[in-house]
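For reference, the structure is listed below as structure tokens.
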């Protein structure tokens, strides 16, 4: 699958504390590799979002991360930009995380292990 023409300016922020999962997502989104930005924790994700807010079209947010979890980071990102598109990533089902994706402000949810087709479909569905 190729990168859509209208995604040339697209930046995708991937907040994931596991380096193997980061590499896997980068591989699965290799057609967008020049448009990927990575954060190792929620605090870094928030810092990068503030810095690149006008460029980031989509955020994949791991729910459980050190320093600041993905739920708190998502809430803070949505305070900065209520229209931000943040997709939750978790190895646990939403009910095991004790939250509903919509109540936090996530636009969608992907469970781990992440499948390439599902990840690419999310990018195609939510990019601007």
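Debye sum, Cα scatterers, the stretch 12-83, no solvent: what log₁₀ I/I(0) at q = 0.15, 0.24, 0.25, 0.28 1/Å?
Ignoring solvent entirely, the Cα scatterers give -0.43, -1.06, -1.13, -1.32.
Rank-order 75-84, 60-69 by packing density, defined as the average count of other C-beta atoms within 10 Å over each peptide's residues, highest first.
Going from most to least packed, we get 60-69, 75-84.
Set the Förster distance to 22 Å, then compute FRET efficiency between residue 81 and residue 51 from the Cβ-Cβ distance, nearest 0.05.
0.95
If r is the Cβ-Cβ distance from residue 120 to residue 23 and R0 is 22 Å, what FRET efficiency results, to the nearest 0.05?
The computed FRET efficiency comes out at 0.85.
Quick note: the coordinates plus some simple rules give every number you see, no bench work behind them. Values in this document were obtained by computation on a predicted structure and should not be read as measured data. Using ideal geometry, Cβ is built from the backbone for each residue, glycine included, and neighbour counts are taken over all protein chains shown.
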